[in-house]
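This report refers to the structure that appears directly beneath it.
The values are calculated or read from the model by the stated rules, or taken from the named source; none is laboratory data. Being a predicted model, the structure only gives us computed values, none of them experimental. Cβ placement follows ideal geometry from the backbone for every residue including glycine, while neighbour counts extend to all protein chains displayed.
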Amino acid sequence: MTAPFRFPRFFVTNPSPCPYLPGRNERKVFTELSGENATELNDALGRIGFRRSQNVAYRPSCADCSACVSVRVAAAEFRPNATQRKLLRKNEDLVVTACKPWSTEEQFALLQRYLSARHPGGGMTEMDEMDFADMVEQTPVDSHVIEYREPDEDGRPGRLVGACLTDRQGDGLSMIYSFFDTELEHRKGLGNFIIMEHILSAARARLPYVYLGYWVEGSARMQYKIRYRPLEKLTRAGWTRFDPQERVTAIHNGVSRDEPPLRGELARVFRK
């Protein structure tokens, strides 16, 4: 008999400089997502800490470091605090649309402005339009680009102010990468709004989790992720919740730098 599912082959990258912690090297284990079982494989790997990039699933596999910790928000239990509620109200006029994963010039232009403002000199600043198209369009799973636009008075689509490449998994939404207009004074905190809009949309769709990727203790650019609760982290014992004191300590350690996230109802979560 032919096996209904082929066990994936895993590979390991060569060590390279860590983008989060100076003086350390990173290494990743990865496998290809392809064929009719790509969705099931991606779901299974997502539950054990893998992330997707195009048609590859990967996770850190560093020899002497375990700082990268997978985190996810329990969507149904999320209750925005006063500051978060204010941010939601300030941006409730945005028009949110779940678009098929086709890249556009408008999206690419917004990404370039975002990278220039938030991550000058980073590796992604070297992306051209073809690289961006590959990032968005090469997906073997259920992916959408969630667009956030300002309303327009004459009925035409308003200005694009934010976008997020998002996967719908069996147990939630996985935010692959988000970017937004950093120069809008009246919409400060737009990246945080995008995260909350994903969490609230997942809850309405009865999807348990929103996956935020990796949290790295000691990396200021990752501290925004622990401001959403209840937050779960993947440990050797499985998914466990941050205890309140641990969360407060982590927030305090990262408060020295106000770094917006790297990453709507989501058109009813991909219209499903």
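Remarks
- Residues within the range 42-64 that are out of contact with any Phe, Trp or Tyr (no Cβ under 9 Å at 6 or more places or on another chain) and charged (D, E, K, R), tallied: 2
- Residue among 210, 216 that alone is out of contact with any Cys (no Cβ under 9 Å at 6 or more places or on another chain) and either surrounded by 14 or more Cβ atoms within 10 Å (Cβ to Cβ) or at pLDDT below 95 (or both): 210
The rows are residues; the columns are (1) over 30 Å from residue 190 (Cβ atoms); (2) aromatic (Phe, Trp, Tyr); (3) surrounded by 12 or more Cβ atoms within 10 Å (Cβ to Cβ).
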{"position": "7", "(1), (2), (3)": "yes, yes, no"}
{"position": "16", "(1), (2), (3)": "yes, no, no"}
{"position": "21", "(1), (2), (3)": "no, no, yes"}
{"position": "42", "(1), (2), (3)": "no, no, yes"}
{"position": "60", "(1), (2), (3)": "no, no, yes"}
{"position": "64", "(1), (2), (3)": "yes, no, no"}
{"position": "69", "(1), (2), (3)": "no, no, yes"}
{"position": "84", "(1), (2), (3)": "no, no, yes"}
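- Flag for residue 171 being closer than 17 Å to residue 230 by Cβ, out of contact with any Cys (no Cβ under 9 Å at 6 or more places or on another chain) and of a type in the set (D, E, K, R): yes
- Pairing residues of the range 117-143 that are modelled with pLDDT under 85 with residues that are aliphatic (A, V, I, L, M), at Cβ distances under 7 Å and at least 6 apart in sequence or on separate chains, gives 122/115; 125/115.
- Selection of the range 88-115 for residues being assigned to a loop (DSSP other than H, G, I, E, B) and among the acidic types (Asp, Glu) yields 92, 93.
- Selected residue (only one of 78, 30, 50 is under 27 Å from residue 181 (Cα atoms), aromatic (Phe, Trp, Tyr) and surrounded by 15 or more Cβ atoms within 10 Å (Cβ to Cβ)): 78
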